[in-house]
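Single-structure report; data block below.
The values are calculated or read from the model by the stated rules, or taken from the named source; none is laboratory data. Bear in mind the structure is a predicted one, so any value in this text is a computation, not a measurement. For neighbour counting, all protein chains shown are included, and Cβ atoms are generated from backbone atoms with ideal geometry for every residue, glycine included. Only protein heavy atoms, including side chains, enter the accessible area calculation; ligands, DNA and RNA are left aside. Shrake-Rupley method; radii C 1.70, N 1.55, O 1.52, S 1.80 Å.
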Amino acid sequence: ACFGLYGAGTASYSIPVLTIKSDGRNVVPGSGKVQRCPFSYSETSNSAPVKVSIMEDVPAGAGNSLRASLWLAATTASLALNRDLAGETIGFETSGYVDGPSAGGMLCLAVMSAIEGRSFPDDFAMTGTIMADGTIGPVGGVAEKLRAASGAGIKRVCIPTFARMDEDFADLLELVVDVADVGS
């Protein structure tokens, strides 16, 4: 990231987004995937409204839930840092058909990192819905996402603490230990 004397700056990251497929009711076994999505941020000194965009490589590839998550992530980051986003542009790229809110927390961290001029770690991923009050909400397919992260070389994954309510917590703990052993 490069930030100038007057606050104008840019940042770009490749964010690891943990995805799964669902048949509408259940997670499809073995469907966990890590999609590295380009994220960009630019800041100007003007007072134009914030611009948030999702760039997609297929028509309507990003669903409404993902679009709402990006806006909510930007708003939450702005409020958390007491920062007006006027004049700033936030961009996120996806590939294929993607939807769901579970990248919201990760997107919020990316926006906050960019605003603060921090780098974004390559070995970190997160899954968690960003809620309207700024808290992290529920997600599905945590075990599949952890397996995918491990296979992609990600060493640290942040998951909602209440994920144990959605899946067998003992199995998740065992999986976390296995992932940690693979990453060492």
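Given the condition surrounded by fewer than 24 Cβ atoms within 10 Å (Cβ to Cβ), over 12 Å from the mean Cα position of the chain (by Cα), aromatic (F, W, Y) and not in a helix (DSSP H, G or I), answer yes or no: does some residue in region 82-101 qualify?
Checked region 82-101: at least one residue is surrounded by fewer than 24 Cβ atoms within 10 Å (Cβ to Cβ), over 12 Å from the mean Cα position of the chain (by Cα), aromatic (F, W, Y) and not in a helix (DSSP H, G or I).
For residues that are among the polar types (S, T, N, Q) and open to solvent by 60 Å² or more (accessible area, probe 1.4 Å), tally how many sit in region 54-75.
Initially, region 54-75 is screened for residues among the polar types (S, T, N, Q), giving 64-65, 69, 75.
Now drop any that are not open to solvent by 60 Å² or more (accessible area, probe 1.4 Å), which leaves 64, 75.
Adding up the residues that qualify gives 2.
In region 110-138, how many residues are part of a loop (DSSP other than H, G, I, E, B), touching a residue at least 60 places away in the same chain (Cβ under 8 Å) and among the hydroxyl-bearing types (S, T, Y)?
Within region 110-138, residues that are part of a loop (DSSP other than H, G, I, E, B), touching a residue at least 60 places away in the same chain (Cβ under 8 Å) and among the hydroxyl-bearing types (S, T, Y) number 2.
So how many residues does region 11-31 have that are modelled with pLDDT of 90 or more and part of a strand (DSSP E or B)?
Looking only at that region, the number is 9.
Considering only region 163-182, I want to know if a residue exists there that is among the hydrophobic types (A, V, I, L, M, F, W, C), out of contact with any Leu (no Cβ under 6 Å at 6 or more places or on another chain), outside any helix (DSSP H, G or I) and at pLDDT 55 or above.
no
Given the structure, is S78 of a type in the set (S, T, N, Q), open to solvent by less than 50 Å² (accessible area, probe 1.4 Å), closer than 23 Å to G134 by Cα and modelled with pLDDT under 95?
Working: of a type in the set (S, T, N, Q): yes; open to solvent by less than 50 Å² (accessible area, probe 1.4 Å): yes; closer than 23 Å to G134 by Cα: yes; modelled with pLDDT under 95: yes.
Yes: the conditions hold for S78.
Any idea which residue in region 5-18 is least open to solvent (accessible area, probe 1.4 Å), counting only those that are under 16 Å from S113 (Cα atoms) and of a type in the set (S, T, Y)?
In this case the residue turns out to be Y13.
So, I115, is that one under 26 Å from R156 (Cα atoms), at pLDDT 95 or above, surrounded by 22 or more Cβ atoms within 10 Å (Cβ to Cβ) and not aromatic (F, W, Y) or not?
Numbers: under 26 Å from R156 (Cα atoms): yes; at pLDDT 95 or above: no; surrounded by 22 or more Cβ atoms within 10 Å (Cβ to Cβ): yes; not aromatic (F, W, Y): yes.
No: the conditions fail for I115.
For region 79-108, what are the residues that are without any contact (Cβ under 8 Å) to a residue 40 or more places away in the chain, within 24 Å of V27 (Cβ to Cβ) and among the hydrophobic types (A, V, I, L, M, F, W, C)?
C108
Can you go through G128, G91, G140 and tell me which one is within 19 Å of K51 (Cα to Cα) and touching a strand residue (DSSP E or B) at 6+ places or on another chain (Cβ under 7 Å)?
Details: G128 fails: within 19 Å of K51 (Cα to Cα); G140 fails: within 19 Å of K51 (Cα to Cα).
None of the other options fit; the residue is G91.
Taking the options K33, K21, K51, name whichever one is open to solvent by 60 Å² or more (accessible area, probe 1.4 Å), more than 13 Å from the chain's Cα centre (by Cα), among the basic types (K, R) and closer than 14 Å to V111 by Cα. Lay out the reasoning, then the answer.
Values: K33 fails: closer than 14 Å to V111 by Cα; K21 fails: closer than 14 Å to V111 by Cα.
Only one candidate passes the filter, namely K51.
I need a count of the residues in region 124-151 that are within 21 Å of V28 (Cβ to Cβ) and open to solvent by less than 50 Å² (accessible area, probe 1.4 Å).
Our first condition is that a residue be within 21 Å of V28 (Cβ to Cβ); within region 124-151, this holds for 125, 127-129, 138-151.
Filter once more, keeping what is open to solvent by less than 50 Å² (accessible area, probe 1.4 Å): 125, 127-129, 139-146, 148-150.
The total comes to 15.
Give the number of residues within region 32-69 that are within 23 Å of M131 (Cβ to Cβ), of a type in the set (A, V, I, L, M) and assigned to a strand (DSSP E or B).
3
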